[in-house]
1. Can you give me the relative contact order of the chain as a percent, contacts being Cα pairs under 8 Å and 6 or more apart?
2. Which shape class applies to region 176-216: rounded if a/c is under 1.5, otherwise prolate when a/b exceeds b/c and oblate if not, where a ≥ b ≥ c are the square roots of the Cα gyration tensor eigenvalues?
3. Label region 89-167 by shape, choosing from rounded, prolate and oblate, from the square roots a ≥ b ≥ c of the eigenvalues of the Cα gyration tensor; if a/c is under 1.5 it is rounded, and otherwise prolate applies when a/b is larger than b/c, oblate when it is not.
4. Multiplying the sequence separation of H64 and K178 by 0.36 nm and subtracting their Cα-Cα distance, what value in nm do you get?
5. Which whole-percent values make up P(r) of the chain when all C-alpha to C-alpha distances are grouped in 5 Å steps starting at zero?
6. Based on DSSP H runs of at least 4 residues, each adding -39500 (n - 2.57), what is the mean residue ellipticity at 222 nm of the chain after dividing by all its residues, to the nearest 500 deg cm²/dmol?
7. Which order, highest average first, do 137-147, 90-100 follow once you tally other Cβ atoms within 10 Å for each residue and take the mean per peptide?
8. Given the C-alpha centroids of region 62-134 and region 175-207, what is the distance between them in whole angstrom?
Amino acid sequence: MIDVHAHFDDERFDEDRAEIISAMAEMPIRFILNSGSHIEACRRTLALADQYDFIYAAIGIYPHDTAILEEQGLGPIREMLKHKKVRAVGEIGLDYYYDMIPKATQQKWFHAQLEMAEEYHLPVVIHSRDAMQDTLSILKEHPKNTGIFHCYSGSAESLKEVLKLGFSISMGGVVTFKNARVAKEVAAAVPLDRLMLETDSPYLAPTPYRGKRNSSLYLPEIAKEIAAIRGMTPEEIERITDENAIRMFGFGEK
Ligand code: NI
């Protein structure tokens, strides 16, 4: 199984990080795409990628931290993108849920990081919250970019737009929540070649671990739920989503 979105650099793993990462390797989780969100998280993500063969890096600044880009620009991020285990620019995007950073600032740096990803020939990992229409219209201006919407939270209707842009989605713990009607609809509708699995650890642990600290150890719960929705076996879902992730991110290649 492959977890295409997690944050094992997070301080909630400071006490037992080595232990939990070796448990995941033994499970076995084949690959993890650990995602940066702010500068320090990106540095820690690269340190994990250096330390563990099966951990790869997504490097980028997410919408709530774009203020730092106003001060420093993308120079430090560009430096980090040269690392051989960086397989995506992310997570980047728009978040209108909290009113922390002006929309115009978020949009400016979303554009800039999409252009940077194109220049480095890397897919992008999109974070989009309460901002689906603006996310889609910005992506339409960058037709050469490809990638995933992580923790896809849009409707089955918006999914059609996402697919038309050539993007895939990854689904996490939310699909296992009892009242997650829209997520279950999306899980039923998404073409199998556009689906990947993620945990977003330490956030969004699936049922029956909801509310606890999440890790890739719980990834099977997500595969199980999607398999049940689609009338397939968890093994089939795992095999197909693994293939999709390897095709997009080149895990296992130098
Ligand atoms: Ni995340």
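Every number here is computed from the coordinates shown, using simple stated rules; none is lab data. Model, not experiment: these values are computed from the prediction. Because the Cβ atoms are built from the backbone with ideal geometry, glycine has one as well, and the counts that use them run over all protein chains shown.
1. Details: 487 pairs, mean separation 47.9, N = 254.
Relative contact order of the chain: 19 percent.
2. Working: a/c = 3.57, a/b = 1.51, b/c = 2.36.
Cα axes put region 176-216 in the oblate bin.
3. Numbers: a/c = 1.71, a/b = 1.06, b/c = 1.61.
Verdict is oblate for region 89-167.
4. 38.1 nm
5. 1, 7, 15, 19, 21, 18, 13, 6, 1, 0, 0
6. Values: 10 runs with 107 residues, N = 254.
Helix contribution divided over all residues of the chain: -12500 deg cm²/dmol.
7. Ranked from most to least packed, the peptides come out as 90-100, 137-147.
8. Answer, in whole Å: 23.
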